[in-house]
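Reading through the structure tokens given below for one structure.
The values are calculated or read from the model by the stated rules, or taken from the named source; none is laboratory data. The model shown is predicted, which means the values in this text are computed figures rather than measured ones. Positions of Cβ are generated from backbone atoms using ideal geometry, with glycine treated the same way; all protein chains shown enter the neighbour counts.
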Amino acid sequence: MKLSGIYGIVNLINRKILIGSSTNILRRWHQHRWDARKGIHPNDYFQKSWTKYGEESFEFRILEDCSVSYLLPREDYWITFHNSKNRDCGFNLQDASIVVHSDETRRKISEIKKGTVITTEVRKKMSDAHKGIYPSKETRIKMGIAQKGRICSEETRRKIGAKHKGKIVTEEVRNKIRKSLKGRIPSEEARIRMSNAHKGKRLSKERKWV
């Protein structure tokens, strides 16, 4: 049976704790152990402690069971409660709503991906594998909470704009977008944001006739 909630992994030697949340706590614990045993845990600080003291020095604890919509706020509560972002008290690198890899982790990821070229055939297989797959309602809620309040920097906006510049949206894609939006009524706040975003913009001749 799946259990959604907050968990802690405690080093029984120095009493430091790693706080986390999951829609399936026990499966998440198995993932932590698998990564740590392989020496590839995404949290370098936790990995070093695991390697130094050994698996038998760590204990898994369920701190609280809660619904998916409360996972991140409750995880932040327990991180604060245990002061686990403090290196003297725990292994957490940031608040639950902020996903940031350490410099060492980013370096490892970069080295692994360096020189990797994804062929057209592989891209097609990846695309086919994801067709028809949609995040569950629980996943969408958690993603929404994590993204809430985030604002893209000007540099990020510029990169996104440059990436999409010159792209042509096919009629098939347009129809899919229309179908997915059919019946949706944007909130007053969304209407204001959309209006502000388009202020001063002028449509090209091509866009006017689409």
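Checking each residue in segment 41-86 for being touching a residue at least 60 places away in the same chain (Cβ under 8 Å) and farther than 20 Å from THR23 by Cβ picks out ASP44, HIS82, SER84.
Of everything in segment 1-36, what is part of a loop (DSSP other than H, G, I, E, B), under 19 Å from GLU56 (Cβ atoms) and among the hydrophobic types (A, V, I, L, M, F, W, C)? Give them in sequence order. Correct list: LEU12, ILE13.
A quick yes/no check of all residues on (1) among the charged types (D, E, K, R); (2) modelled with pLDDT under 95:
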| site | (1), (2) |
| --- | --- |
| ARG27 | yes, yes |
| HIS32 | no, no |
| LYS52 | yes, no |
| SER57 | no, no |
| PHE60 | no, no |
| GLU64 | yes, yes |
| LEU72 | no, yes |
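Among the residues of segment 154-194, those that are of a type outside the set (D, E, K, R) and not in a helix (DSSP H, G or I) comprise GLY166, ILE168, VAL169, THR170, GLY183, ILE185, PRO186, SER187. Taking the criterion of being hydroxyl-bearing (Ser, Thr, Tyr) and either in a helix (DSSP H, G or I) or closer than 15 Å to LEU12 by Cβ (or both), the residues of segment 37-85 that qualify are TYR45, SER49, THR51, TYR53, SER57, SER69, TYR70, TYR77, THR80. For LEU3, indicate whether it is in contact with a helix residue (DSSP H, G or I) (Cβ under 7 Å, 6 or more places away or on another chain), among the aliphatic types (A, V, I, L, M) and within 20 Å of ASP88 (Cα to Cα). Criteria not met by LEU3.
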